[in-house]
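Participant: Below: one structure in structure tokens.
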Amino acid sequence: MDVALKIWRFDPETGERALKHYNVEAPEWACLLDVLDIVKDQVDGTLGFRKSCRMMICGSCGMRMDGRAILACKERMKPIVERGHVPVISAMGNMPVLKDLVVDMTPFWTKIRRMKPWLDTGYEEIPEREFRHTQEEMNPIHKESLCIMCGCCVSECNSMESDPEFFGPAALAKGFRFVGDPRERAQVERLESYNDEHGIWDCTRCYFCNERCPKGVDPRDAIAKLGAESIKEGIDRDLGAKHAKWFVHSAKTTGWLRETELVPKTQGVVSAIKQTKFAISLAKHGKVPPPVPPHVADRVQEARGLHELVHSQGRAGAAGIVQGEKALSRIEHPSDGDGA
């Protein structure tokens, strides 16, 4: 099949970028990585890109196709060719470009190291016997353990684009992989560290990291688990944590988010007074409901019952989110014997 590509080239010596068009012949089973190999071998040997396993395991071939982060070895070209589309290939975002499709992963690995990606078991001496854990105990970190460090989630992170110091989805997902491990003995210390001003609560919840992750790690869910665990452990000094706590309380009591109480409950009375002029402007346009009496949703008992059920089951913190993940998995992938 005849395959057409547009590739953003970058010359590190001159700093110039250019969009170049390539046409090559490739077998019908070819993926994007195969096509890039053909371009490099037969058309332009100066093209720079990374590759290794070719089996969606190593994460080396991360790049962008039409503005979305992908693994080149995962993208089959036949459907693209059949619809007559010419994709634009470029380097991943939020990382410095070294050459063509090759980015500098140094900031990425620096943030991974910031998470202390190793277990702190608290053992002074290595035990002689083997310690075993059940599948249920390991379930909370099942998805996080699938991460191949490709950087696709970091490439698409809106928070990192606005704040390069943000730890980022890959690092925080790696952080929960250890916080949620039953062998770890320094969970609280880790959570304290991850509650940095550029940490857990700096996430904007755009969910692009979940959309782009090629392995189903769902980094945003891992960040939510870290936030839930932080609140469970009483680490709630951050404004984001206070927001989350008020959201839960408000939904439990009335079934709605009570916006009029949000600022004084999370930022304090002084901050609320400073925003009085803005609040009055909203009220004039009917954007602020009267605070008294509070508007209670129909069948609010269902929201309260759900809250009580989760707590009665001992599923505070990340455990509640893990339970939700299992339920969603059954809906998305029902087995033959499942009544879902």
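Participant: Rg/Rh for region 246-313: what does it come to with C-alpha atoms and Rh from Kirkwood?
Facilitator: Numbers: Rg = 14.3 Å, Rh = 13.4 Å.
Ratio value, two decimals: 1.07.
Participant: Right, next: Test of understanding: what is the full-extension gain from V288 to D2, defined as 0.36 nm times their sequence separation minus their Cα-Cα distance? Can you show the working numbers first?
Facilitator: Values: separation 286, 0.36 × 286 = 102.96 nm, distance 5.93 nm.
Residue separation times 0.36 nm, minus the Cα-Cα distance, leaves 97.0 nm.
Participant: So, with +1 on the Cβ of K and R and -1 on the Cβ of D and E, and no other charges, what is the size of the charge dipole of region 246-313 about its Cα centre, to the nearest 20 debye? Mind dumping the intermediate values first?
Facilitator: Numbers: 9 positive and 5 negative charges, 67 e Å.
Dipole of region 246-313, to the nearest 20 debye: 320 debye.
Participant: Additional query: Do you know the relative contact order of region 246-313, to the nearest whole percent, from alpha carbon pairs under 8 angstrom that are 6+ apart? Could the numbers behind the result be given before it?
Facilitator: Values: 42 pairs, mean separation 29.1, N = 68.
Relative CO of region 246-313 lands at 43 percent.
Participant: From the residues S162, Q42, A319, which one has its Cα farthest along the dipole of the chain in the positive direction, the dipole being from +1 and -1 charges on Cβ of Lys/Arg and Asp/Glu about the Cα centre?
Facilitator: S162
Participant: Hand me the GluC sites (Glu not before Pro) from region 1-100 located in a DSSP loop with no more than 14 other Cβ atoms within 10 Å, in residue order please. Mind showing how you got there, number by number?
Facilitator: Details: sites: E13, E16, E25, E28, E75, E82; in loops: E13, E16, E28, E75.
Answer by residue number: E13, E16, E28.
Participant: Next question. State to the nearest 20 debye the size of the charge dipole of region 1-135 about its Cα centre, where the only charges are +1 on K and R beta carbons and -1 on D and E beta carbons.
Facilitator: Values: 21 positive and 20 negative charges, 84 e Å.
Here the size comes out at about 400 debye.
Participant: Moving on to the next point. Compute the Kirkwood hydrodynamic radius of region 2-102, taking the inverse of the mean of 1/r over all pairs of distinct Cα atoms, and give it in Å to one decimal.
Facilitator: Details: mean 1/r = 0.0732 Å⁻¹.
It works out to 13.7 Å.
Participant: Related question: Which one, V263, C150, V24, projects farthest toward the positive side of the charge dipole computed for the chain from Cβ point charges (K/R +1, D/E -1)?
Facilitator: V263
Participant: With Cβ to Cβ distances under 9 Å as the rule, what net charge do the other residues near M1 carry (K, R +1; D, E -1)?
Facilitator: Values: positive: K78; negative: D2, E25, E28, E82.
Net of charged neighbours comes to -3.
Participant: Check the cysteines of the chain one by one and keep only those with no other cysteine Cβ under 4.7 Å from their own.
Facilitator: So, C31, C61, C73, C147, C150, C152, C157, C203, C206, C213.
Participant: While we're here: Could you rank the peptides 127-135, 191-199, 277-285 by their average count of other C-beta atoms within 10 Å per residue, with the highest value first? Don't skip to the answer; put the middle values down first.
Facilitator: Numbers: 127-135: 7.0, 191-199: 18.4, 277-285: 10.8.
So the order, starting with the most tightly packed, is 191-199, 277-285, 127-135.
Participant: From the helices alone, meaning DSSP H stretches of at least four residues, give me the mean residue ellipticity at 222 nm for the chain, per-run term -39500 (n - 2.57), in deg cm²/dmol to the nearest 500. Walk me through the intermediate numbers first.
Facilitator: Numbers: 16 runs with 139 residues, N = 340.
Helix-only estimate at 222 nm: -11500 deg cm²/dmol.
Participant: Follow-up. Just one of [x] 152; [y] 129; [z] 235 is volume of the Cα convex hull per residue in Å³ calculated from these coordinates, so which is it?
Facilitator: Calculated volume of the Cα convex hull per residue in Å³: the matching label is [z].
Each reported figure results from applying straightforward, stated rules to the coordinates on display, with no laboratory input. Remember, it's a predicted structure, so these values are computed and weren't measured experimentally. In this analysis, Cβ positions are derived from the backbone assuming ideal geometry, glycine residues included, and neighbour counts consider all displayed protein chains.
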